[in-house]
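Have a look at the structure below, then the notes.
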Amino acid sequence: MAAPTTVRAPRAALVPGRTPLRIGPVSTVVRLRAAAVVVVGLVVVVLALAVNLGLGEYPISVPDVLAVLLGGGNGGQRLVVLDLRLPRSLTGALVGAALAVSGAITQSIARNPLASPDIIGLTAGATVGAVLVIVFAGAGGAVGGATAAVGIPVAALLGGLLTAALIYGLAWRRGLQGFRLVLVGVGVNAMLVALIQWMLVVTGVYQAARAYVWLNGSLNGRGWEHVWPVAVALAVLVPAALVLAHVLGALQYGDDTARGLGIRVDRSRSVLLLVAVCLASVAAAAAGPIAFVALVAPQIAQRLTGIARPPITGSLVVGAVLTVVADILARTALGGTELPVGIVTAVIGAPYLLFLLARHRRRSRG
Amino acid sequence: MTTWTTPAAGEHIGAADRDPGAVRLRADDVRLAYGEHVVIDGLDLDVVNGTVTAVIGPNGCGKSTLLRAMGRLLKPTGGQVLLDGKRIDRTPTKEVAKILGMLPQSPLAPEGLTVADLVARGRHPHQAWYRQWSGDDEDAVATALEWTGIADLAERPVDELSGGQRQRAWISMALAQGTDLLLLDEPTTYLDLAHQVEVLELVRRLHREAGRTVVMVLHDLNLAARYSDRLVAMRAGRIVASGDPSDVVTEALLAEVFGLDARVIPDPVSGTPMVVPIGVHSSSG
């Protein structure tokens, strides 16, 4: 008989609602609803991408688009789908995913659904950096080539990081309180928006017009050079966020509880904020500050999964769905005229923001 | 590594293998301040293995501040806190969290969180990002839920519970953490008397049957005297008296610490001192 003590008979979950999944040293809780949201969400993303890729002067049916994506289709279809249209749609999906994960992190850190990067000024900080490059680096001519491909993401990242440091510094008072972070962030956001307006006023008409389209969050004319930075950022930062999600869960409790559980609260929060800022900045650099996705997607994902905080993977998928669907609407709503995708997300997101504020007020009264 | 097995048997390891007289937690000449405001200066306190210590004192006397410092939530600006003889601020915080559990005053839980998920969070110090629900975690949480009598509430959201149930859920979380030291900051706040007694009975069982060493801040003197082995009375950042409840709760001390004019008689149920207030000294205004 070989050591019977090491064998544990399979048994029902001891704790209701927390069915274990254990493989070797790896263990987690099975959350079927959350897993279903991710799987269904991914299917919807692919279908929405297929619809979006079929749209245009040379319409292609969804089955044909899917065939092309799986390696089939004729030469013309392949050219249109893969070379001309895919970068734009893919940028949309990736940017939406990045924004949503960023929002899930900041909302969890602040324990406040309003604390998303577009509300607390992180996106605006990244935008200041990017607009600075668009408006001034061209020095009279159009910004293009290396300046645009490298300069805009780097400037956006710097802008985002500086803003994050500023907000965190101003909001920190022997600990971080969510509402204080939101208030400080809203103030900083207003200042940054004013700064952007000023830059648009002092620059030439041509640069201002370019910046303006970008400012509304546009996916128009996105090429592979826009896809790669976001894709790389997601490939690095999403796994980081998933590793940190365990700590993020504990940060949801008060600071004292989290410290009592052995978490280095300020350090963990700074690292998580860094991940969130990088995601938001890279997304803004690729497509402009697409409004409200970072605010809305994590909250939708939280409600769909039934988990007590914005989930990382769920938010990622919902953010991608939201942005691609918004892009489809932006391209079709006004017939021939394409809207910047940011206008559509704003039309969806603004009422939701009002709802959140109303709900917040009711709760703080009650 | 669950340090206690079944609720009924009350078997435990961890605390039991230590010298019963050992000092587990020591505040050594600590000075505690929030910014410029010094709350406590030059205070010493020893917490002995296998005891229940209750800290009492008027509002603002620094009792919660002291507890936060003993639980390394507040760093002393002078002196040191020693956990098992080692400086607590130089021990990795996750290691501390395996020895010492802390229940803050009015803790916050995320909206919609279930009781099971709350209690499971107590396992954090034993987990890693890839190991979030081991067999040990599951055993410890199931036992903690049963111990605190909330197993049937496991799937309910914490925010729907009554005050007493919620407090038991939080204690259950601290219990699941599997530490043999527990610091409880006013665990009975906002509870009605029946629920206060319920929570303190639970604390007593944790001590007697599961071998936990407990330090708690309490408001109610009679309950503090009844449910502790050792009372520490504080006033204005200093320890005025400490020791056996019957030695500490005296009419003279109540006058000195609380400015309270009172009679002290033996509690007819437990024999511990019982305070019968008469009035407040006019000088304490």
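The values are calculated or read from the model by the stated rules, or taken from the named source; none is laboratory data. These numbers were taken from a predicted model, which means no experiment stands behind them. Virtual Cβ from ideal backbone geometry, glycine too; neighbours counted across all protein chains shown. Heads up: the accessible areas ignore ligands, DNA and RNA and are worked out on the full protein's heavy atoms, side chains in. Shrake-Rupley method; radii C 1.70, N 1.55, O 1.52, S 1.80 Å.
Just a few scattered comments:
- Relative contact order of chain A: 27 percent, from C-alpha pairs under 8 Å at least 6 residues apart in sequence.
- Mean projected area of the convex hull spanned by the Cα atoms of segment A:35-350, taken over all viewing directions: 16.1 nm².
- For segment B:36-117, convex hull of alpha carbons as volume per residue, Å³: 161
- Note on A:Val202 and B:Val23: the model spin-label points, each 7 Å out from Cα along the C-beta direction, lie 6.4 nm apart.
- When nucleic acids and ligands are ignored and a 1.4 Å probe is applied, A:Phe292 ends up with an accessible area of around 40 Å².
- Where chymotrypsin sites (Phe, Trp or Tyr not before Pro) fall in DSSP loop in segment B:125-196, at most 16 other Cβ within 10 Å: B:Trp129, B:Tyr130, B:Tyr190
- Backbone phi angles across segment A:347-356, fed through the Karplus curve with coefficients 6.51, -1.76 and 1.60 (θ = phi - 60°), yield HN-Hα couplings of 5, 6, x, 4, x, 5, 4, 4, 4, 4 Hz in residue order; Gly and Pro are listed as x.
- Relative contact order of chain B: 22 percent, from C-alpha pairs under 8 Å at least 6 residues apart in sequence.
- Residues whose amide H falls under 5 Å from that of B:Arg131, counting only those 5 or more places apart or on a different chain, are A:Ser27, with hydrogens built in the peptide plane.
- Pairwise FRET efficiency - A:Asn74 versus B:Ala33, Cβ, R0 = 60 Å, nearest 0.05: 0.20
- Whole-angstrom gap from segment A:224-297 to segment B:188-202, using each part's C-alpha centre: 41
- Excluding exposed DSSP-loop GluC sites (Glu not before Pro) (at most 16 other C-beta within 10 Å), longest clean stretch of chain B: B:210-285
- Under DSSP loop assignment and at most 12 Cβ neighbours within 10 Å, longest trypsin sites (Lys or Arg not before Pro)-free interval of chain A: A:175-366
- Dimensionless Rg over Rh [the protein assembly as shown; C-alpha; Kirkwood]: 1.06
- Amide hydrogen neighbours beyond the local backbone of B:Met216, cut-off 5 Å, H modeled: B:Thr53, B:Ala54, B:Val55, B:Leu184
- Prolate/oblate/rounded call for segment B:192-285, Cα gyration tensor, a/c under 1.5 rounded: prolate
- Rough spin-label spacing in nm, given labels placed 7 Å along Cα→Cβ, for A:Val43 and A:Asp266: 4.9
- Order of exposure, largest accessible area first, which applies to A:Leu21, B:Leu183 with probe 1.4 Å: A:Leu21, B:Leu183
- Shielding by partners - mean other protein chain Cβ count within 10 Å, residues of A:306-313: 3
- Three-way shape label, segment A:112-259, alpha-carbon gyration tensor, a/c 1.5: oblate
- Distance between the 7 Å Cα→Cβ label points at B:Arg238 and B:Ile265: 3.3 nm.
- When B:Val275, A:Val201 are compared by accessible area of protein heavy atoms, the largest-first order is A:Val201, B:Val275, using a 1.4 Å probe.
- Derived scalar couplings between HN and Hα for segment A:303-315 equal 5, 5, 7, x, 9, 7, 7, x, x, 5, 5, x, 4 Hz in order, rounded to whole Hz, by the Karplus curve 6.51 cos²θ - 1.76 cosθ + 1.60 (θ = phi - 60°), x for Gly and Pro.
- Computed from the C-beta positions of A:Glu225 and A:Leu162 and an R0 of 25 Å, the FRET efficiency is 0.50 to the nearest 0.05.
- Per-residue shielding of A:107-114, expressed as the average number of other chain Cβ atoms within 10 Å of the residue Cβ, stands at 1.
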